[in-house]
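For reference, the structure is listed below as structure tokens.
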Amino acid sequence: MKKLAGLAFLFLIFISASDPAPLPSPMMHSLQGTWELKNFYNYDGTNVTDTIPTTEGYRQIKMYYNGKVMWTRYVPKDSVEWFGYGSYRITTDRLIETLEYGSASMMQNIEFPMNFEFELILNDNSYSQITIDESGNRTFSENYVRID
């Protein structure tokens, strides 16, 4: 009986000495869903210098679901259509996409798998993927709105 009481006492000490359950991390916005490109920004390294809207009829859609990404671009001026498929992950400030395959026009122009890393600014219903140069300066962004 003394051994059982001693074990119970040690167990209580062990439990009381351990850290309490970790607090939940702040809720991150989710990239999961369907997004449409609305415009582009040019940067001077830090600040936006120019906003370029998409042209009439141009559409670019991205869909993110369960770690997978699929995007498509339609440009009415030419008959070349673009699409790609791969995986993605996000951190608090980065979007990392790895495209595994794409349309014939993509397959001819880039080597697969292709890795892209962007600075990410993500809100509930919009996000920007910002291209950073080798010196760490912002150069260009694609700006999307959630459509689903």
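The values are calculated or read from the model by the stated rules, or taken from the named source; none is laboratory data. Computed from a prediction, not measured in an experiment: that's the story for all the values here. Every residue, glycine among them, receives a Cβ derived from its backbone with ideal geometry; neighbour counts consider all protein chains shown.
Couple of notes before you dig in:
- If you filter the stretch 40-60 down to residues that are under 19 Å from E81 (Cα atoms) and not in a loop (DSSP other than H, G, I, E, B), you find that the one that is modelled with the lowest pLDDT is R59.
- Residue that is surrounded by the most Cβ atoms within 10 Å (Cβ to Cβ), among those in the stretch 54-109 that are out of contact with any Asp or Glu (no Cβ under 7 Å at 6 or more places or on another chain) and acidic (D, E): E97
Let's see how each residue does on (1) surrounded by 13 or more Cβ atoms within 10 Å (Cβ to Cβ); (2) modelled with pLDDT under 70:
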site: L4; (1), (2): no, yes
site: A21; (1), (2): no, yes
site: S25; (1), (2): no, yes
site: S30; (1), (2): no, no
site: E36; (1), (2): yes, no
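- Where a residue in the stretch 63-91 is outside any strand (DSSP E or B) and its partner, wherever it lies, is of a type in the set (S, T, N, Q) and surrounded by 12 or more Cβ atoms within 10 Å (Cβ to Cβ), with Cβ under 7 Å and at least six apart: G67/S87; V80/S105; E81/S103
- So I121, is it surrounded by 11 or more Cβ atoms within 10 Å (Cβ to Cβ), closer than 22 Å to G33 by Cα and modelled with pLDDT of 90 or more: yes
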